[in-house]
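Inspection log for the structure reproduced underneath, given as structure tokens.
The values are calculated or read from the model by the stated rules, or taken from the named source; none is laboratory data. These numbers come from a predicted model, not from an experiment. Cβ placement follows ideal geometry from the backbone for every residue including glycine, while neighbour counts extend to all protein chains displayed. Please note that ligands, DNA and RNA were not included when accessible areas were found on the heavy atoms of the full protein model with its side chains. Shrake-Rupley method; radii C 1.70, N 1.55, O 1.52, S 1.80 Å.
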Amino acid sequence: MKCAAGLLVVGAGPAGLALALQAHEHGADVRIIDRRPEAFRPSRALILHTRTLEVLRPLAVTQQLLALADTAPAADLHLGSRVVRISLADLALPGTAFPHLSLIRQMDVETVLARALADRGIEVERGTELAEVRDGPEGVRAVLRSQSTTVEALFGFAVGCDGPASSVRAQAGIGWPGGPYAVEVVLADAELAGVEPDGDPAAGVAHVVAGQHGLVFLFRLGEQATWRLLATRAARAGQLPFGQPGPPVPAAELQALIDQAGLGAQITSVAWSSRVGVQHRVAERFRQGRLYLAGDAAHAYSPATGQGMNAAIQDAANLGWKLAFAASQPGSRALLDSYDRERRPVARQILALTHLAFWGEASTGCLPSLLRGRLAPLAAPVVPALMGHRRLVAAGIGLMSQLWVSYRGSALSVEGTPRRRSGPRAGDRLPDQTVSCAGRTTRLHELLARPGVHVLLDRDADRPGTLPPGLPVHVHRLTSVPGRGLVAVRPDGYIGFRSQIAEASQLSAWLARIGA
């Protein structure tokens with residue numbers, strides 16, 4: 001048996017790529033495999049949320065992502081015969097460098113992450129399947145099968161980022177409670193023509209129709225044609241693969257969905273189409289020994305509010321550094337248990353959010369159909385006024401973006417003695433703000449924009465002593481913040497420890513707890 005890398009990542013979607021990158025940046029020896037010989041295309045997800053960009057920033061990929069994204073999206077919301085233009089640029093989101101939605105194809109996100117890994121010498125091993133995985137006394141034994149070879153290798157940990165039909169989850173014996181929706185999603189890339197001027201998709205805005213029969217989106221983000229169509233409808237007979245493309249949809253049915261939505265567009269050609277089954281599930285646990293789950297292997301949501309890719313990347317941001325640090329401190333139970341205890345409650349809350357939103361957007365029941373078809377058009381005149389309340393809009397976007405997530409109950413969230421009197425608490429996300437450090441004015445998240453733990457000292461705080469060389473801990477003195485305390489920030493941007501007085505032994509105890 002060959003002793004291989006310390007961490008095996010199974011699946012090279014957004015979760016697997018982000019996890020491999022983050023773990024590598026924090027010192028892990030990583031190997032990433034994917035059973036598909038080529039990247040899965042066409043991709044499905046189209047949105048990156050604010051918090052996702054924040055957790056990716058220390059990995060030096062956000063600028064490449066933003067260069068490929070539409071960060072000032074506009075949409076025409078069709079409510080009956082009324083059309084309301086909505087702008088989602090420069091939202092009033094406080095405490096972040098990314099106060100906007102970013103429309104970007106999953107394909108582009110994966111390309112940027114895979115390139116970042118390749119730049120660090122890590123290539124995705126495509127066409128390599130996980131045939132078997134077992135957690136034993138010596139570590140994780142995995143049988144890896146490719147077209148030419150079958151090998152058995154030993155790893156410190158394995159993470160299943162292999163989607164709803166996860167082989168890691170199945171072989172770990174982790175339950176997958178939940179069920180299918182009675183609604184299916186239709187996806188297509190198409191060319192459109194012959195549209196009335198007041199609803200012309202050629203104007204470049206997205207078009208959203210929340211009608212009696214369901215939801216219809218048109219985005220200028222197609223991969224094989226100019227426009228991506230996403231629509232919901234009552235599920236047809238026959239089981240569809242969840243999260244995977246099913247059979248193609250006839251052009252006449254696609255045209256009927258557009259006509260039913262009242263958009264007036266004519267399909268001139270269809271490059272690709274598919275029916276996709278949708279389900280709602282959260283795994284019974286996210287960890288079994290040294291086997292972990294992340295992304296769609298751990299939870300499955302409806303497409304409402306665009307949570308799939310974002311939740312997956314935020315899982316990866318939470319787990320990657322922990323597995324890297326755990327390699328240097330075997331048996332750190334608090335650290336290894338914290339992923340399930342932090343992210344699974346978040347997954348269940350996201351499931352409740354998406355379940356409610358999808359019911360309102362797409363359910364074919366009498367009540368939601370009545371709300372969309374009859375009552376929503378009556379509310380159209382007040383939509384511009386609501387969108388004018390920038391703080392109200394920002395609150396909604398912040399909810400979708402997981403800016404509300406906190407890990408206050410985690411074993412890794414520690415309040416020092418004496419307790420700090422103000423500011424975000426241990427377990428909360430550290431908000432961005434303007435600070436002074438090393439003789440210059442900068443933004444706080446800019447200081448944190450590199451891998452590792454960051455210790456923020458108040459202006460008059462005692463320095464915690466000399467740290468061992470190579471330790472991924474960065475110390476910053478904030479001369480604009482009065483006091484003698486400190487705040488220690490985890491690699492995923494959450495406060496792990498804080499105290500009113502900077503005291504070296506307390507900081508050292510917390511660093512030991514997280515494996516640093």
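Taking region 83-102, which residues are in contact with a Ser or Thr (Cβ under 8 Å, 6 or more places away or on another chain), within 28 Å of Gln224 (Cβ to Cβ) and crowded, with 19+ Cβ neighbours inside 10 Å? Give the steps one after another, and end with the answer.
At the first step, the residues of region 83-102 found to be in contact with a Ser or Thr (Cβ under 8 Å, 6 or more places away or on another chain) are 89, 93, 96, 98-102.
Then keep just the ones that are within 28 Å of Gln224 (Cβ to Cβ); that gives 89, 100-102.
Within region 83-102, His100, Leu101, Ser102 qualify.
Specify which of the listed residues (Thr268, Thr232) is surrounded by fewer than 16 Cβ atoms within 10 Å (Cβ to Cβ) and assigned to a strand (DSSP E or B).
Details: Thr232 fails: surrounded by fewer than 16 Cβ atoms within 10 Å (Cβ to Cβ).
From the options Thr268, Thr232, the qualifying one is Thr268.
Report whether or not Gly173 is crowded, with 20+ Cβ neighbours inside 10 Å and within 21 Å of Ala298 (Cβ to Cβ).
Working: crowded, with 20+ Cβ neighbours inside 10 Å: no; within 21 Å of Ala298 (Cβ to Cβ): yes.
So Gly173 does not fit the description; no.
Which of the residues belonging to region 415-426 are in contact (Cβ under 8 Å) with a residue 24 or more places away in the chain and either charged (D, E, K, R) or surrounded by fewer than 21 Cβ atoms within 10 Å (Cβ to Cβ) (or both)? Working first, answer last.
So in region 415-426, the residues in contact (Cβ under 8 Å) with a residue 24 or more places away in the chain come out as 415-421, 423-426.
Within region 415-426, Glu415, Thr417, Pro418, Arg419, Arg420, Arg421, Gly423, Pro424, Arg425 qualify.
Go through region 427-502 and tell me which strands (runs of 3 or more DSSP E), entirely inside it, have 2 or more residues that are within 18 Å of His26 (Cα to Cα) and open to solvent by less than 10 Å² (accessible area, probe 1.4 Å). Walk me through it before giving the result.
Values: elements: 434-437, 440-443, 453-457, 473-477, 486-489, 495-499.
By residue number, 453-457, 486-489, 495-499.
Could you go through region 310-333 and let me know if any residue there is part of a helix (DSSP H, G or I), open to solvent by 40 Å² or more (accessible area, probe 1.4 Å), touching a residue at least 40 places away in the same chain (Cβ under 8 Å) and in contact with a strand residue (DSSP E or B) (Cβ under 8 Å, 6 or more places away or on another chain). Full working, then the answer.
At the first step, the residues of region 310-333 found to be part of a helix (DSSP H, G or I) are 310-326, 333.
Narrowing the set further to residues that are open to solvent by 40 Å² or more (accessible area, probe 1.4 Å) leaves 333.
Now drop any that are not touching a residue at least 40 places away in the same chain (Cβ under 8 Å), which leaves none.
No - not one qualifying residue is present in region 310-333.
Output yes when any residue across region 102-120 is part of a loop (DSSP other than H, G, I, E, B) and more than 27 Å from Asp70 (Cβ to Cβ), and no when none is.
Initially, region 102-120 is screened for residues part of a loop (DSSP other than H, G, I, E, B), giving 104-105, 120.
Still in the running and more than 27 Å from Asp70 (Cβ to Cβ): 120.
Yes, the conditions are met somewhere in region 102-120.
Considering only region 43-82, how many residues are under 30 Å from His24 (Cβ atoms), polar (S, T, N, Q) and open to solvent by 30 Å² or more (accessible area, probe 1.4 Å)?
Initially, region 43-82 is screened for residues under 30 Å from His24 (Cβ atoms), giving 43-71.
From what is left, the residues that are polar (S, T, N, Q) are 43, 50, 52, 62-64, 71.
Okay, now just the ones that are also open to solvent by 30 Å² or more (accessible area, probe 1.4 Å), so 63-64, 71.
Final tally of qualifying residues: 3.
Would you check which residues across region 503-516 are under 33 Å from the mean Cα position of the chain (by Cα), open to solvent by 20 Å² or more (accessible area, probe 1.4 Å) and of a type in the set (A, V, I, L, M) and list them?
Within region 503-516, Ala509, Ala512, Ala516 qualify.
What pairs can you find where one residue is in region 271-289 and over 15 Å from Ser338 (Cα atoms), the other is acidic (Asp, Glu) and open to solvent by 30 Å² or more (accessible area, probe 1.4 Å), and their Cβ atoms are less than 9 Å apart, with a gap of 6+ or different chains?
Correct list of pairs: Ala271/Glu191; Ala271/Glu223; Trp272/Glu223; Ser273/Glu253.
If I ask for residues that are surrounded by fewer than 22 Cβ atoms within 10 Å (Cβ to Cβ) and not acidic (Asp, Glu), which ones from region 118-127 would you list? I'd like the intermediate steps shown before the answer.
Here is the first cut: in region 118-127, the residues surrounded by fewer than 22 Cβ atoms within 10 Å (Cβ to Cβ) are 118-123, 125-127.
The answer is Ala118, Arg120, Gly121, Ile122, Arg126, Gly127.
Tell me yes or no: at least one residue of region 20-29 is touching a residue at least 24 places away in the same chain (Cβ under 8 Å) and over 30 Å from Asp135 (Cβ atoms).
Checked region 20-29: no residue is touching a residue at least 24 places away in the same chain (Cβ under 8 Å) and over 30 Å from Asp135 (Cβ atoms).
Would you confirm, using the coordinates I've provided, whether Val168 is within 20 Å of Lys322 (Cβ to Cβ) and part of a helix (DSSP H, G or I)? So that I can check it myself, show each step before the final result.
On the way: within 20 Å of Lys322 (Cβ to Cβ): yes; part of a helix (DSSP H, G or I): yes.
Answer is yes for this residue.
Does any residue in region 399-412 that is closer than 21 Å to Pro94 by Cα and aliphatic (A, V, I, L, M) come within less than 8 Å, Cβ to Cβ, of a residue that is assigned to a loop (DSSP other than H, G, I, E, B) and open to solvent by less than 50 Å² (accessible area, probe 1.4 Å) six or more places away or on a different chain, and which pairs are these?
Note: pairs meeting the criteria are Met400/His49; Met400/Gln307; Leu403/Leu93; Leu403/Thr96.
Which of (1) assigned to a loop (DSSP other than H, G, I, E, B); (2) open to solvent by less than 60 Å² (accessible area, probe 1.4 Å); (3) at pLDDT below 85 does Ala210 not meet, given it meets every other one?
Only one criterion in (1) assigned to a loop (DSSP other than H, G, I, E, B); (2) open to solvent by less than 60 Å² (accessible area, probe 1.4 Å); (3) at pLDDT below 85 is unmet by Ala210, namely (1).
Would you check which residues across region 14-52 are of a type outside the set (D, E, K, R), part of a loop (DSSP other than H, G, I, E, B), over 22 Å from Asp70 (Cβ atoms) and out of contact with any Ser or Thr (no Cβ under 9 Å at 6 or more places or on another chain) and list them?
His26, Ala28, Pro37, Phe40 - these are the residues of region 14-52 that are of a type outside the set (D, E, K, R), part of a loop (DSSP other than H, G, I, E, B), over 22 Å from Asp70 (Cβ atoms) and out of contact with any Ser or Thr (no Cβ under 9 Å at 6 or more places or on another chain).
Take the residues in region 136-163 that are touching a residue at least 40 places away in the same chain (Cβ under 8 Å) and among the acidic types (Asp, Glu), then tell me which one is surrounded by the fewest Cβ atoms within 10 Å (Cβ to Cβ).
So, considering only residues that are touching a residue at least 40 places away in the same chain (Cβ under 8 Å) and among the acidic types (Asp, Glu), the one surrounded by the fewest Cβ atoms within 10 Å (Cβ to Cβ) is Glu152.
Among the residues of region 346-385, count how many are of a type in the set (S, T, N, Q) and either touching a Cys at 6+ places or on another chain (Cβ under 8 Å) or under 18 Å from Gly211 (Cα atoms) (or both).
Pass one, region 346-385, residues of a type in the set (S, T, N, Q): 349, 354, 363-364, 369.
With the extra rule that they be either touching a Cys at 6+ places or on another chain (Cβ under 8 Å) or under 18 Å from Gly211 (Cα atoms) (or both), the set shrinks to 363-364, 369.
Residues in region 346-385 being of a type in the set (S, T, N, Q) and either touching a Cys at 6+ places or on another chain (Cβ under 8 Å) or under 18 Å from Gly211 (Cα atoms) (or both): 3 in total.
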